[in-house]
Structures are given as C-alpha cells and as structure tokens.
Amino acid sequence: MARDSKNQIRQRIHARIRRKVSGTQERPRLAVFRSVKHIYAQVIDDSKGHTVAAAGSTEKAAGKSGGNLEGAKAIGKLVAERAKDKGVKSVVF
C-alpha cells in the first residue's frame, strides 16, 4: 500500500476543516499556515472567495522572527491590525 505524500495529507486535513468552518462577510475565517521556517495568516471571506487581510513572517513589517513563538505573536498582531483597518471585528478559527 502506497503512502500519501505530505501535500495529499495536508489537502485532506484542509478539506475536512473547510466542511466544518466557513467564513462570512460579517465573520470571516482565519487561516494559519506554519512551515518549518515561517508562519502565515489570512482572514478570508468565503462567501466572496477573497482574502480580506494577510500577513506572513517573510514580510519586512513582521520583523526578523520566523516560524517560532515570537514570529507567531508578531504575525498575529499584524494580521489583527490589518483586519481591523478593513472593519473586521471577529473571525472564525
């Protein structure tokens, strides 16, 4: 029996979560992806199918920290500020 690749496993997990959680215009979905070196966060409106706000540790505004605890805190603050500027008060996680 062949083993699934990491990408196939990730896609199955993503599909399972998306069946349960969906974002609306009033309360968009927060999606977080963490790689070995970096962390990324997006606030997504699933009804329109577009990203409201996004931040990643690869940006200069995020500072020097990567995918560690410091980086996660910095990205969380950055994506929260950007989402507030767009009028988002709460998200689904």
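The values are calculated or read from the model by the stated rules, or taken from the named source; none is laboratory data. Since the model is a prediction, treat every value here as computed from it, not as a measurement. Here the Cβ is made from the backbone with ideal geometry for all residues, glycine too, and neighbour counts use every protein chain on show. The area values use the complete protein model at the heavy-atom level, side chains included, leaving out ligands, DNA and RNA. Shrake-Rupley method; radii C 1.70, N 1.55, O 1.52, S 1.80 Å.
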Filtered residues of region 1-25 (kept if closer than 20 Å to residue 50 by Cβ, assigned to a loop (DSSP other than H, G, I, E, B) and not β-branched (Val, Ile, Thr)): 22, 23, 25
Search result, residues across region 48-69 that are closer than 20 Å to residue 26 by Cα and loosely packed, with under 12 Cβ neighbours inside 10 Å: 49, 50
Condition check for residue 67: assigned to a loop (DSSP other than H, G, I, E, B) and at positive phi: no
Count - residues of region 70-93 that are farther than 13 Å from residue 32 by Cβ, open to solvent by 40 Å² or more (accessible area, probe 1.4 Å) and not in a helix (DSSP H, G or I): 4
Selected residue [open to solvent by 70 Å² or more (accessible area, probe 1.4 Å) and touching a strand residue (DSSP E or B) at 6+ places or on another chain (Cβ under 6 Å)] from 43, 32: 32
Qualifying positions in region 28-52 - under 26 Å from residue 69 (Cα atoms) and assigned to a loop (DSSP other than H, G, I, E, B): 28, 35, 36, 37, 38
